[in-house]
Amino acid sequence: MGKVAVLMAEGYEEGETLTIVDILRRADVECHTFAMKRAENPETDLFVKGMHGMMVKADQEFSDAVREYDMVVLPGGRPGGANLREDPEVISLVKYFMEQGKFVAAMCSGTLVLGEAQVIQGREMTGYTGYAQKLPGAHFKEDVVVVDKNLITSQGPATVYPFAYKLAEAMGKDVSVLKERMLYDFAGGQ
């Protein structure tokens, strides 16, 4: 079925990140969170501070082990998205995943990593409101979730549920029962 790696840089958007992990695990997708190293503390402990001050313990420290996964997820957040975008190891990882045809998923400010990695030329995608100008070369759409082969993108915190369900589907899971159990359709989900 495949494994999913969710990257957690300081300032990650808690609602996006934790909901993605929660839904993937509910769908029985093997999913792990990875703490990114911080310049002020290269010996990163596994606790990562989100943009709203929540300290969440990642499953493991970021390493080359992520290359063995089938999907990498880049959540947004301030400055979480920028911290991912400014990390050369993340840029290298995204390029590697794209070259290997593995899934790369990004939402909100996490989509800016894709531009920095120069992997969006001619690709359909979406991102946070106003990001069309920040992601030149892509065919930017206003859809909630956009899938272009192995690239899956979404807009922001309110779009995390359909995004996470799409990630589970990409990993071969039928999420129809899960959506029903989580009252997704009842709440107006699509």
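The values are calculated or read from the model by the stated rules, or taken from the named source; none is laboratory data. Predicted model, so just to flag it, every value in this text is computed and none were measured. So basically every Cβ, Gly included, is an ideal-geometry build from the backbone, and we count neighbours across all protein chains shown.
Table for the structure above
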item: Members of the range 99-132 found to be of a type in the set (S, T, N, Q) and surrounded by fewer than 21 Cβ atoms within 10 Å (Cβ to Cβ), listed by number; result: 100, 118, 121, 129
item: Check on residue 164, closer than 17 Å to residue 73 by Cα and in contact with a helix residue (DSSP H, G or I) (Cβ under 6 Å, 6 or more places away or on another chain); result: yes
item: Test for residue 176: is it free of Cβ contacts under 8 Å to residues at least 40 places away in the same chain and hydroxyl-bearing (Ser, Thr, Tyr); result: yes
item: The one condition in (1) more than 22 Å from residue 69 (Cα to Cα); (2) among the polar types (S, T, N, Q); (3) surrounded by 21 or more Cβ atoms within 10 Å (Cβ to Cβ) that residue 159 fails to fulfil; result: (3)
item: Condition check for residue 114: at negative phi, touching a strand residue (DSSP E or B) at 6+ places or on another chain (Cβ under 9 Å) and at pLDDT 95 or above; result: yes
item: Leading residue by the ranking (surrounded by the fewest Cβ atoms within 10 Å (Cβ to Cβ)) among those in the range 133-145 that are farther than 15 Å from residue 119 by Cα and of a type outside the set (D, E, K, R); result: 133
item: Qualifying residue in the range 83-97 (condition: under 20 Å from residue 153 (Cα atoms), of a type in the set (Phe, Trp, Tyr) and more than 14 Å from the chain's Cα centre (by Cα)); result: yes
item: Index of the failed condition, residue 81 passing every other in (1) in contact with a Phe, Trp or Tyr (Cβ under 8 Å, 6 or more places away or on another chain); (2) surrounded by 21 or more Cβ atoms within 10 Å (Cβ to Cβ); (3) not hydrophobic (A, V, I, L, M, F, W, C); result: (1)
